[in-house]
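Inspection log for the structure reproduced underneath, given as structure tokens.
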Amino acid sequence: MTGPVLTTERFTLSRPAAADLTHLCALIDDEETRRYLGPASAEKQPQFDRLMRNAGSWALYGYGMFMVRPHGEDGIVASCGVFHSWRGFGPESGMDDVPEAGWIVRRDWWGQGVAGEVMQAALAWFDREHGPRRIACMIEEGNTASERLAARLGFVRYGSHMAEDVSPPVRINLYQWLARPS
């Protein structure tokens with residue numbers, strides 16, 4: 001594992017490493033876990049692309065998704081954090097060339113507060129390391145668990161985007177976490 005390494009009460013958060021590929025495939029292997037992830041696939045090639053994008057975010061911007069493991073374990077139970085994104089929704093969307101928060105939790109860990117615990121630590125770390133600033137977030141309509149978590153973390157909805165590149169098209173709600181005063 002490569003740094004930075006953060007810890008929470010139950011988890012170790014680390015930067016992605018090449019050895020994480022198989023764990024990332026297992027993270028979204030369950031169909032229900034992929035339900036709100038658009039065209040995501042648990043196959044190695046698309047997960048390799050995701051791993052490389054995340055590594056690129058770390059290399060170019062100094063932040064990205066954390067690989068989340070229970071203390072002392074090798075398997076990844078979540079991928080959570082703030083990464084740099086460019087969604088291509090257009091400048092009015094506020095989703096291009098911005099820090100974006102995201103979280104994916106392995107299904108057997110759902111309902112145990114993983115994303116909340118990890119995202120609180122990740123957002124606090126981001127503020128300390130990169131200064132308080134706006135962070136975007138997008139959640140597919142109907143993903144009420146993620147909407148509730150976003151609200152608890154302090155994200156507020158500011159718009160939506162209709163994703164026409166999936167069948168059937170879906171509405172994506174756009175959220176932002178505004179810079180906290182220093």
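Annotations
- Hits in the stretch 157-172 - residues which are within 15 Å of ASP96 (Cα to Cα) and without any contact (Cβ under 8 Å) to a residue 60 or more places away in the chain: SER160, ILE172
For (1) more than 21 Å from THR33 (Cα to Cα); (2) exposed (fewer than 14 other Cβ atoms within 10 Å of the Cβ); (3) among the small types (Gly, Ala, Ser), each residue gets a yes or a no:
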site	(1), (2), (3)
SER85	yes, no, yes
VAL98	yes, no, no
ILE104	no, no, no
VAL114	no, no, no
ALA122	yes, no, yes
LEU149	no, no, no
PHE155	yes, no, no
VAL166	no, yes, no
ARG171	no, yes, no
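- In the stretch 124-156, the residues that are under 21 Å from TRP86 (Cβ atoms), outside any helix (DSSP H, G or I) and without any contact (Cβ under 8 Å) to a residue 60 or more places away in the chain: GLY131, ARG133, ARG134, ILE135, ALA136, CYS137, MET138, PHE155
- Among the residues listed as LEU21, LEU37, LEU60, the single one being under 29 Å from ARG133 (Cα atoms) and part of a helix (DSSP H, G or I): LEU60
- Scan of the stretch 23-50 for residues that are over 25 Å from ALA145 (Cβ atoms), touching a helix residue (DSSP H, G or I) at 6+ places or on another chain (Cβ under 8 Å) and of a type outside the set (D, E, K, R), ordered by number: PHE48
- Selection of the stretch 1-60 for residues being at pLDDT 95 or above, among the basic types (Lys, Arg) and over 16 Å from the mean Cα position of the chain (by Cα) yields only ARG10.
- Of the residues ASP108, ASP97, the single one that is within 21 Å of CYS25 (Cα to Cα), more than 13 Å from the chain's Cα centre (by Cα), not in a loop (DSSP other than H, G, I, E, B) and not basic (Lys, Arg) is ASP108.
- Breaking point among (1) touching a His at 6+ places or on another chain (Cβ under 8 Å); (2) surrounded by 19 or more Cβ atoms within 10 Å (Cβ to Cβ), for SER93: (2)
The values are calculated or read from the model by the stated rules, or taken from the named source; none is laboratory data. Fair warning: this is a prediction, and the values are worked out from it, not measured in the lab. Note: ideal-geometry Cβ built from the backbone for every residue, glycine included; neighbour counts use all protein chains shown.
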